[in-house]
Amino acid sequence: MYFYDACGDTKQFDIETYNLGFTDLVYQEDFKLLSSETLVQPKPASVRCIYKVIKKLDNSDFKSELVNFIKNNPFKKYFINSNLLSKKEILTQLYDVKKSVKFHFDADVNTFLLSKRGFFKQKVAVLALMRFDRKFYFCELIDADNVSQLEMFDYKKPYRKQRQGMMPPKLALFMLNLLGKDVKSVYDPFCGTGTTLMLALKNGLSFKGSDISEDNIPGSLENLEYISNKFDVDYDSNSVFQKDALKISSEDLKGISSICSEGFLGKPKAGNEELIDLVRESDNLADFYLDFLENLSGKIESGFPIVMTFPVYKTEKRLVFMDTLYNNLKDIGFKQVKLHPKHMSYLYSRDDQRVLRQVVKIVKV
Ligand SMILES: C[S@@+](CC[C@H](N)C(=O)[O-])C[C@H]1O[C@@H](n2cnc3c(N)ncnc32)[C@H](O)[C@@H]1O
């Protein structure tokens, strides 16, 4: 049994859905449209913390389990966490444990600290008392957001294009995860600075990437080289090339079993655009993506998965979704796949953003 915990919000977790380190678990359930109609869409969450249950407890007294664990599993340091007890309460409870077993512990658990103190190098263990569904569990942390590692795919990468907006590495990882466990190779036909490709490389997927802009090819390769050196992983420099995504050929798709991409999201927005202009832009982009998919349609097999983000423009009164794209998929041989029991897609956004991203999975029929 496993739990997922984001800032004390604990949920039971199905380890089978956990692939590259991200899941489709949702920690912020409701996203409301700004118009009078209320459309609820989930926001994607990164994995904050995944706990494995070591033992179900009869009450909140986890001291003997803790002592057992420490005796059998020597680590440099133990972090103790709980979604029930405060830091002070943990310290008080552990006061007498310290008499029976010698250990260094810390009740300040956050992903930055974990990373700094060596959790990802297996130097420290994180143990927790979790309360879930009125029951108590003694748990061990098995994975968490590796914040300092994600920085390398973000503002620390050598080739960046701030002006174009940077794809958050969390989002890229989330999207790669949505491709499914069986996918071994991926193509990003709008590769930009190569965020998706860098994460594919780091996570052992073979990949290809292309972009219409000439500059982005050496730029992406520079970023891939950086990841290759950091994590000691190899890639083929011929796998990134210049190409208009509307002209992808069967040759380009050779050896590729999926597409994962944040494509062109439209021109940057000032916030004072007229609704009618945003709708027009959204329709034009929908036509562009329909052409893109139609070109692919004859060149890929049935079931071929495509995970993409499409823009959603925000005005004061409403959100403009690319409905014309979704409504016309069937005509060109594709269908949208449900990503959540109640919803087709995810919205990825921050409050201050004028362009939101809709994460969508499409498959060839
Ligand atoms: C938001 S960025 C892509 C981010 C990228 N997927 C990543 O993982 O970092 C959009 C990219 O689409 C490219 N683009 C726009 N129109 C294109 C087209 N027709 N064919 C290929 N690339 C295109 C732009 O040059 C830009 O680099």
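Annotations for the structure displayed:
- The amide H of L319, built 1.01 Å from its N in the peptide plane, has L34, S35 as neighbours under 5 Å, considering only residues 5 or more places off or on other chains.
- Evaluating 6.51 cos²θ - 1.76 cosθ + 1.60 at θ = phi - 60° for every residue in the stretch 80-94, the Karplus couplings come out as 10, 10, 7, 8, 10, 8, 7, 4, 4, 5, 4, 4, 5, 4, 8 Hz, glycine and proline recorded as x.
- Remark: F231, F334 ranked as F231, F334, counting other beta-carbon atoms within 10 Å and listing the fewest first.
- Taking a point 7 Å out from the Cα of S249 in the direction of its Cβ, the residues of the stretch 276-314 whose backbone N falls within less than 17 Å of it are 295-300.
- Entries of K121/K208; K181/K208; K254/K361; K98/K135; K267/K317 with Cα pairs more than 24 Å apart: K121/K208; K98/K135
- The Stokes-Einstein estimate for the chain, based on a Kirkwood radius over Cα pairs and taken at 4 °C with 1.567 mPa s viscosity, is a diffusion coefficient of 58 µm²/s.
- Evaluated with a Cβ-only charge set (Lys, Arg +1; Asp, Glu -1), the chain carries a dipole of roughly 1600 debye about its Cα centre, given to the nearest 20.
- Fully extending the segment from I332 to N295, taken as 0.36 nm per residue of separation minus the present Cα-Cα distance, adds 12.4 nm.
- Mean separation of Cα contacts under 8 Å, 6 or more apart, over the residue count of the chain: relative contact order %: 15 percent
- Residue separation of A270 and K156 scaled by 0.36 nm, minus their Cα-Cα distance, works out to 38.3 nm of gained length.
- The chain: calculated mean residue ellipticity at 222 nm from DSSP helix runs of at least 4, using -39500 (n - 2.57): -7500 deg cm²/dmol
- Given charges at Cβ of Lys, Arg, Asp, Glu: the stretch 148-364 dipole, positive-most of P168, G266, L221: P168
- Taking label positions 7 Å along the Cα-Cβ direction at both Y95 and K230, the computed distance is 4.4 nm, reported to one decimal.
Read-outs throughout are calculated quantities, based only on the coordinates presented, and are distinct from any laboratory measurement. Not measured: the values here are computed from a predicted model. Virtual Cβ from ideal backbone geometry, glycine too; neighbours counted across all protein chains shown.
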